[in-house]
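**Student:** Structure below; questions to follow.
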Amino acid sequence: MKAPLRNNSARLLLGPGPSPVHPRVLAALSEPVLGHLDPEFCDIMSETTQLLRYVFATENALTVPLSGTGSAGMDASLTNLLEPGDKAVVLSCGVFGERLCDIVPRLGAELVKVDSKWGTPVDPADVKRAIAQAGRPKVVAAVHAETSTGVLQPLEEITKYAHEAGALMVVDAVTSLGGTEVPTDRLSLDFVYSGTQKCLSCPPGLAPVTLSEAAQQAIARRKSAVSSWYLDLSMIQRYWTGERFYHHTAPVNMVYALHEALSLIREETLEHCWARHARNARAFSEGVTAMGLELLVAPEYRLPSLVVIKVPQGIDDAQVRQKLLSDYNIEIGGGLGELKGKIWRVGLMGHGSKQSNIVLLLAALEHILKNLGMDVPEGAGTSAASRAFSN
Ligand SMILES: *Cc1c(COP(=O)(O)O)cnc(C)c1O
């Protein structure tokens, strides 16, 4: 029998996800399987929802991990809140905003899309206009951290406009949860979903979600049944909170993993975890800039979990990524859609966001770019990063 992993030295995952998994989380995955209704597992479930409330910064009663990756959280948000004929205003400035747009008409709902140039956030004034144009939208949906471009979408103003219009605010926090503040209760966001594989140091497989009282009431008031049986939150809720009613078998070991990953954040504290992501992204950004490379996003909208670099003139994007993989065992991401071949996406997420990874990647990039004929000042990247770390 051949082990599934051919190269037994694990890759350093510095792409847009999945990200490095903490050894304690890997150990939790290999614990014996319990029955999904076992009293001991029920205790683990309760603690997991408690830890999720801490990480989401919320008191929301309905805060649970859905079985599925981040996209299951996305699907669940719109599928549970929208009914045929409802209107949804969706912000889009990248692949994940486009994915939200793709879901709306599948539910028989009407899409009002607000977009902006990839690499910039959506302008709140445009959102205000779109809400007015839509009349009474049921939902306004936005991607907080757009992983295809590295943009952080400010949420204050758009959430205010959504609530003034009586709409529910849906937020994709897949690449922001754990990496930067997700203001669930501070802004009274109504449906926030995330994924385990980005800033939570956990493998792909669960989609944590949290719902406000208003979002829960909207689901309770539905005239039609939720079109997805599997993602119907009114049934999932009965398993996770309350009577432990059997709906589907929970991915038991992924719940252990999430419990451990969230415990790690609790031990570090959420605020220190955000500060670490911010410090490391800044140091890496200063390093790449000192090497003569440019970043795609303006400083005020940069993500602390993902740094997006423009591929310099005359350099082949794929060749650099291939060299990083073959010579250094490091994965970084390329561009998607209209940014294909034009950017590199460097994820500094969760357990991957640390000083040693940054110094290694800067040194590796310098070596590779020099060999490809680019004029890179000797040691400039690592020196700039060290200066940033000692500040
Ligand atoms: C990764 C990602 C998703 C989808 O998550 P999967 O785990 O790939 O299903 C959704 N939204 C954003 C912003 C993401 O970065």
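**Student:** Are there any trypsin sites (Lys or Arg not before Pro) in the stretch 179-271 that are in a DSSP loop and have at most 16 other Cβ atoms within 10 Å? List them by number.
**Tutor:** Details: sites: R186, K198, R221, R222, K223, R238, R244, R266; in loops: R186, K198, R221, R222, K223, R244.
Answer by residue number: R186, R221, R222, K223, R244.
**Student:** Of all the accessible heavy-atom surface of the stretch 49-172, with the other protein chains kept in place and a 1.4 Å probe, what percent is carbon and sulfur?
**Tutor:** The C+S portion of the solvent-accessible surface of the stretch 49-172 is 50 percent.
**Student:** Something else: Nearest 5 percent is fine: what portion of the DSSP beta bridges confined to the stretch 23-267 is antiparallel?
**Tutor:** Numbers: 11 of 29 bridges.
Roughly 40 percent of the DSSP beta bridges within the stretch 23-267 come out antiparallel.
**Student:** May I ask you to derive the FRET efficiency for K342 and D43 from their Cβ-Cβ distance with R0 = 51 Å, giving the value to the nearest 0.05?
**Tutor:** Calculated transfer efficiency: 0.55.
**Student:** Per residue Cα convex hull volume for the stretch 23-267, in cubic angstrom?
**Tutor:** On the way: hull volume 26.5 nm³, N = 245.
Expressed per residue, the convex hull around the Cα atoms of the stretch 23-267 is 108 Å³.
**Student:** Right, another one. Mind giving me the FRET efficiency for T241 and Q133? R0 is 41 Å, r the Cβ-Cβ distance, nearest 0.05 is fine.
**Tutor:** Given R0 = 41 Å and the Cβ-Cβ separation, E is 0.60.
**Student:** What is the stretch 298-391 by shape, rounded, prolate or oblate, if you read a ≥ b ≥ c off the alpha carbon gyration tensor as root eigenvalues and call it rounded for a/c under 1.5, prolate for a/b larger than b/c, and oblate otherwise?
**Tutor:** rounded
**Student:** Which value in deg cm²/dmol, rounded to the nearest 500, describes the helix-derived mean residue ellipticity at 222 nm for the chain, given -39,500 (n - 2.57) per DSSP H run of n ≥ 4 and division by the residue count?
**Tutor:** -13000 deg cm²/dmol
**Student:** Apply the Karplus curve 6.51 cos²θ - 1.76 cosθ + 1.60, θ = phi - 60°, to the phi angles in the stretch 195-203 and return the couplings in whole Hz, x for Gly and Pro.
**Tutor:** x, 7, 8, 9, 9, 9, 6, 10, x
**Student:** Also, I was wondering about something else. Output the DSSP H helices from the chain with an along-axis C-alpha extent of no less than 20 Å and a mean Kyte-Doolittle hydropathy no less than 0.0.
**Tutor:** Helix filter hits for the chain: 39-56, 252-268, 355-371.
**Student:** First select every other residue whose beta carbon is under 14 angstrom from the beta carbon of N357; then total the charges, Lys and Arg +1, Asp and Glu -1.
**Tutor:** Taking every Cβ under 14 Å from that of N357, the sum is +3.
**Student:** Quick one: Cα centre-to-centre distance for the stretch 248-323 and the stretch 157-219, in angstrom?
**Tutor:** If you average the Cα positions of each part, the centres end up 19 Å apart.
**Student:** A further question follows. What residues qualify as long-range amide H neighbours of G334, i.e. H under 5 Å apart, gap of 5 or more or another chain, H built at 1.01 Å from N?
**Tutor:** Close amide H contacts, sequence-distant or interchain: R345.
**Student:** To the nearest 0.05, what FRET efficiency results for R266 and A10 with a Förster distance of 41 Å applied to their C-beta separation? Don't skip to the answer; put the middle values down first.
**Tutor:** Values: r = 25 Å, r/R0 = 0.62.
The computed FRET efficiency comes out at 0.95.
**Student:** Give the longest segment of the chain that steers clear of chymotrypsin sites (Phe, Trp or Tyr not before Pro) in DSSP loops with at most 16 neighbouring Cβ atoms within 10 Å, not counting the sites themselves.
**Tutor:** Here the longest segment lacking exposed loop sites spans 1-228.
**Student:** Suppose the chain between E31 and H367 were pulled fully straight at 0.36 nm per residue; how much longer would it get relative to their current alpha carbon spacing?
**Tutor:** Once the chain is fully extended between E31 and H367, it gains 116.8 nm.
The values are calculated or read from the model by the stated rules, or taken from the named source; none is laboratory data. Everything numeric here is computed off the predicted structure, so don't read it as measured data. Note: ideal-geometry Cβ built from the backbone for every residue, glycine included; neighbour counts use all protein chains shown. Side chains are part of the model used for accessible areas, which takes the heavy atoms of the whole protein and leaves out ligands, DNA and RNA. Shrake-Rupley method; radii C 1.70, N 1.55, O 1.52, S 1.80 Å.
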